[in-house]
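Below is one structure; the comments refer to it alone.
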Amino acid sequence: MRLGAHVSTSGGLDKVSERAMDIGAEVVQIFATSPRAWKFRDLPESQIQAFRKNAVNTGLQQTFIHASYLINVGGDSSLLQKSIDSLTLHMDAAGKIGAEGVIFHGGSHKGIGFDGVIDQASSALRTVLENSPREVNLIIENSAGMGSHIGSSFVEIARLIDLIGDSRVKVCLDTEHTFAAGYNLADANSIDEVMGEFDKEIGLEKLTVVHANDAKVEFGSGVDRHENIGDGYIGIDGFRIIMGHSAFREVPFILEVPGIDGNGPDQINMDRLKAIRSELSI
């Protein structure tokens with residue numbers, strides 16, 4: 001099991017590997033551009049080459065790109081086209097830096113229901129894939145179940161994947177989102193049932209990466225609020241149950257926690273995951 005974190009690209013892609021090493025990350029997730037703006041800044045070729053070289057030299061094992069938070073495949077026509085364009089640019093960037101895939105949030109159906117947007121969402125994502133590098137995966141992240149967000153249930157994700165019909169569509173399972181959406185991964189008595197349902201509906205072969213986040217809010221809250229590992233409602237015992245389950249044995253875990261000092265994923269959180277991994281001998 002590889003352990004990593006979301007790492008800042010501030011100052012350039014060439015800084016990523018060093019920052020990863022500083023906190024002990026073996027895999028990384030990055031933003032290719034500002035996650036809160038539509039404008040996409042092209043990656044300079046010099047930065048692309050520096051990133052690739054540094055990743056090899058430092059032994060960085062995997063890279064994922066997280067797409068813009070503005071993306072909404074359930075939105076109106078203008079928003080939908082912006083989402084298609086943004087995701088396509090992110091997929092192209094992933095190909096250039098050798099990233100495994102692009103992780104994205106599906107957005108919101110704006111109250112009309114998942115059935116009301118599934119056709120346009122699947123069509124939009126097919127368009128993205130048709131215009132993207134063949135070696136890059138498009139990775140759907142499950143949502144926490146808040147409001148009208150798309151993809152809070154395994155059934156919704158499975159239906160979307162089936163309609164897209166492309167083997168490059170994968171899944172990122174966020175531990176906090178899953179817990180908040182009513183799937184209790186943190187309980188030894190229910191994790192088999194939860195992952196059995198995931199396998200039945202989606203297929204464990206689709207599970208490509210885990211966002212490792214504790215929960216600031218109680219089980220089933222439907223609220224997306226990340227907490228540091230061991231400081232939330234999932235807890236160290238919960239992560240021991242999750243990391244020890246066979247479904248996750250070969251899946252990379254990436255931290256998206258607030259950090260002990262509020263500056264994002266840090267060595268303390270990384271060390272907490274590594275201690276569990278060592279204890280479980282995985």
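At a glance:
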{"item": "In nm, spacing of pseudo-spin labels at SER8 and SER123 (7 Å Cα→C-beta vector)", "result": "4.2 nm"}
{"item": "Charge dipole magnitude, Cβ of K and R +1, D and E -1 - segment 3-280, Cα centre, debye nearest 20", "result": "760 debye"}
{"item": "Largest to smallest principal axis extent of the C-alpha atoms in the chain, angstrom", "result": "48, 45, 31"}
{"item": "Point-charge dipole on Cβ atoms (K/R +1, D/E -1) for segment 44-134, about Cα centre, debye to 20", "result": "300 debye"}
{"item": "Segment GLU218-ASN57, length gained on full extension (0.36 nm per residue, minus Cα span)", "result": "53.8 nm"}
{"item": "Residue of VAL28, VAL209, VAL117 that the Gaussian network model of the chain assigns the largest fluctuation, springs spanning Cα pairs under 10 Å", "result": "VAL117"}
{"item": "Local net charge near ILE103, Cβ-Cβ under 12 Å (Lys/Arg +1, Asp/Glu -1)", "result": "-3"}
{"item": "17 Å reach of a label modelled at SER167, 7 Å along Cα-to-Cβ, counting backbone N of segment 88-107", "result": "101"}
{"item": "Which of TYR69, TYR183 has the fewest Cβ neighbours within 10 Å, and the rest in rising order", "result": "TYR69, TYR183"}
{"item": "Between segment 179-222 and segment 55-118, the Cα center-to-center distance that results, in Å", "result": "22 Å"}
{"item": "Inter-label distance, nm, simple model (7 Å from Cα along the C-beta direction), ARG41/SER281", "result": "4.9 nm"}
{"item": "Length-normalised contact order for the chain - Cα pairs under 8 Å, 6+ apart - percent", "result": "17 percent"}
{"item": "Residue-span extension gain [SER34 to ASP271] - 0.36 nm each, minus C-alpha spacing", "result": "82.5 nm"}
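Each value in this text was obtained by applying a stated rule to the coordinates, not by laboratory testing. Quantities reported herein were computed from a predicted structural model and do not represent experimental measurements. Note that we place each Cβ from the backbone using ideal geometry, even for glycine, and neighbour counts take in every protein chain shown.
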